[in-house]
Amino acid sequence: MVSEVRLRRAARPLTDRWRHVPIEPRHASQLGFSFRSPQVEALGLDARTTLLEILTYPFQLVRFGAYWNRIEAAPGVFDPTEVDWQIDAAERAGKQIILCVGPLKTFGYPEFFVPAHHLVTPLREGRLVEPAAHRALLDAAIGFATRIVERYKGRQAIVAWQVEHEAVDPLGMEHSWRLAAAFVEEEIRAVRSADPSRPIMMNGFLPTSSPVRLQQWWRTRDQGDSLAVAQRLADVVGIDYYPRHALFAIGGMTLYLDGGMSSWNQRPRRKLFAWARAHGRRLMISEGQAEPWEAVTIPPNRPDRSMFSCAPELVIENYNRCMSWSREENLALDAYIFWGAEYWILRERSGDSSYLQAVARILESA
């Protein structure tokens, strides 16, 4: 456990090591990226030009989110314009799409996107959000998800629906309430009813360090974590993989957890791959870390520096590690979806294209 802790200066000189890291072949795995509308705004970027630039790269897959509070900003409002133009742009670029229909949790900070008018009373901390106690919220969530699926199920580019994001895990340290598995099951039934033809993808966080693994087990021990629930309910299980992340800053230093090379923490991953192989189930990397995870919400952006949690060479190394799992376990991953595309564009606009170039190397070589 001590070997997974690092005390480092967060910012370090930018190097060109990313140019020399060997690249694992992807074989049948598709390569994709997630596009986070709230993050684009937080970074001060224009959403349309940002997406169009990323779409020029030869990704096969893109993951979009239907953010409930952005589409239904007030009672009686349903404005999916944002999702419309994103899907249109991806279709024109020849990409396949995974659409997260939410409803409550969608990828990207702060992960929880319920419109205020559907949640007059805040969810109680430390409690499971059960169907019986939150019937009105569940009915509204099902209504929203169903409407999204019915609107877009005629789009051939959409290859899967994602239901919730890390569905039954708590929201980091910010909230301790959690969705009950029974709540999520009802949402999934509604989405399957609206479109029986497409698979359901659900994702979960794969702990890479002992402290995170123990905390996650303790906080979800009553019904299992999101990966366990995804194994039970989904057609495709998505792994969210972040091997290095900050805990907190101490003066000019930052304390990190770095479990990417820990052999002990490979056991949950091996068990998941063995389960998928034995049952003929599909796995993907739904979020592969490709931007810094520092002790602040917005990743720092100093063009002459890279951050310890994810320098450009680590973008490649994280991808390589997942592709090596696939090779070692003799199980092809459906896809590897990079997390951080908006940050790459921010870096480029700030004078550093190394993150984009590192990803381009993967796309060209894999």
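For region 261-309, the tally of residues that are assigned to a loop (DSSP other than H, G, I, E, B), at pLDDT 95 or above and polar (S, T, N, Q) stands at 1.
Taking ARG192 as the residue in question, decide whether it is free of Cβ contacts under 8 Å to residues at least 12 places away in the same chain and out of contact with any strand residue (DSSP E or B) (no Cβ under 8 Å at 6 or more places or on another chain).
no
Give me a count of the residues in region 36-45 that are buried (at least 17 other Cβ atoms within 10 Å of the Cβ) and closer than 23 Å to HIS165 by Cα. Final tally of qualifying residues: 6.
Beta carbons closer than 9 Å, at least 6 apart along the sequence or on distinct chains, pair a first residue in region 15-34 that is part of a loop (DSSP other than H, G, I, E, B) with a second that is of a type in the set (Lys, Arg) for VAL21/ARG361; ILE23/ARG361; GLU24/ARG321; GLU24/ARG327; PRO25/ARG327; HIS27/ARG327. Residues of region 250-260 that are crowded, with 16+ Cβ neighbours inside 10 Å and part of a loop (DSSP other than H, G, I, E, B): GLY259, GLY260. Of all the criteria given as (1) of a type outside the set (Gly, Ala, Ser); (2) part of a loop (DSSP other than H, G, I, E, B); (3) farther than 30 Å from ALA89 by Cα, the one not satisfied by LEU138 is (2). Considering region 20-35, the residues that are more than 15 Å from ASN318 (Cα to Cα) and of a type outside the set (Ser, Thr, Tyr) include one that is surrounded by the most Cβ atoms within 10 Å (Cβ to Cβ), namely PHE35.
Residue selection: ALA332 satisfies the criterion of being surrounded by fewer than 24 Cβ atoms within 10 Å (Cβ to Cβ) and at pLDDT 95 or above.
At least 3 residues being surrounded by fewer than 19 Cβ atoms within 10 Å (Cβ to Cβ) is the threshold, and among the helices (runs of 4 or more DSSP H) wholly inside region 46-130 those reaching it are 47-55, 81-92.
The values are calculated or read from the model by the stated rules, or taken from the named source; none is laboratory data. Quick caveat, the model's predicted, so the values are computed rather than measured. All Cβ positions, glycine included, derive from the backbone under ideal geometry; neighbour counts span all protein chains shown.
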